[in-house]
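Working notes for the structure below.
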Amino acid sequence: MGGRGGCPRELVVKFFVAPDDTSAALTLRTGPGRAFESISFGNFDPEEAVVEWECLLAGGGYEELVDAGEPRIVAGEDNGGRVVFAIAPRLSTALAEAEHPRLRDVAASWVELRADEGETIGTEIAEAIVSDLAALAGSARRQSHGIYCWVA
């Protein structure tokens with residue numbers, strides 16, 4: 001998986017809606033900008049997070065998803081710099097269909113998973129990330145587009 005090993009540096013994380021991999025890949029150098037509906041966060045490993053969220057929301061094992069190539073990279077820099085990856089359709093669907101109490105439970109479980117790995121993510125922040133991403137997934141679904149993540 002190209003994980004970032006506990007976020008040794010400050011990260012900018014932007015989840016965004018795009019019509020296809022080609023359009024999403026074009027954001028690599030500058031980010032999604034205003035051309036794409038997006039939400040921004042920072043300082044967590046989104047590649048690891050999306051696999052954990054998929055396990056929590058849709059089932060399956062972490063290693064199984066990683067071995068299957070999740071998350072799928074659509075563009076990246078060789079030096080460990082910026083990357084754009086696709087959110088799995090299964091995760092996008094699960095997010096779009098989840099009710100608020102379920103999203104809150106997933107956020108709480110994610111906070112616990114990260115704590116077990118020595119990372120601290122506040123519960124309110126986790127809930128905001130998961131809820132905002134669920135809203136973005138709903139928007140992507142209405143447009144028949146995918147969700148991508150730009151990390152720098």
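The values are calculated or read from the model by the stated rules, or taken from the named source; none is laboratory data. None of the values given here were measured: they were computed from a predicted structure. Here the Cβ positions follow ideal geometry from the backbone for every residue, glycine too, while neighbour counts run over all protein chains shown. To get the accessible areas, we keep the full protein, side chains included, count just its heavy atoms, and leave off ligands, DNA and RNA. Shrake-Rupley method; radii C 1.70, N 1.55, O 1.52, S 1.80 Å.
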Next on the checklist: Any residue that is among the small types (Gly, Ala, Ser) and modelled with pLDDT under 95 - is there at least one of those in the range 98-109?
Outcome noted: no
Next on the checklist: Going through ALA137, ALA115, ALA126, ALA107 one at a time, which residue ends up being touching an Asp or Glu at 6+ places or on another chain (Cβ under 7 Å) and either open to solvent by 10 Å² or more (accessible area, probe 1.4 Å) or among the aliphatic types (A, V, I, L, M) (or both)?
Outcome noted: ALA107
Checklist entry - Any idea which residue in the range 1-40 is modelled with the highest pLDDT, counting only those that are in contact with a Lys or Arg (Cβ under 9 Å, 6 or more places away or on another chain) and among the charged types (D, E, K, R)? => result ASP21
Checklist entry - What helices (runs of 4 or more DSSP H) completely inside the range 1-112 contain at least 2 residues that are charged (D, E, K, R)? => result 46-58, 62-67, 89-97
Checklist entry - So, of the residues in the range 27-36 that are of a type outside the set (Gly, Ala, Ser) and surrounded by fewer than 17 Cβ atoms within 10 Å (Cβ to Cβ), which turns out to be farthest from TRP150 (Cα to Cα)? => result ARG34
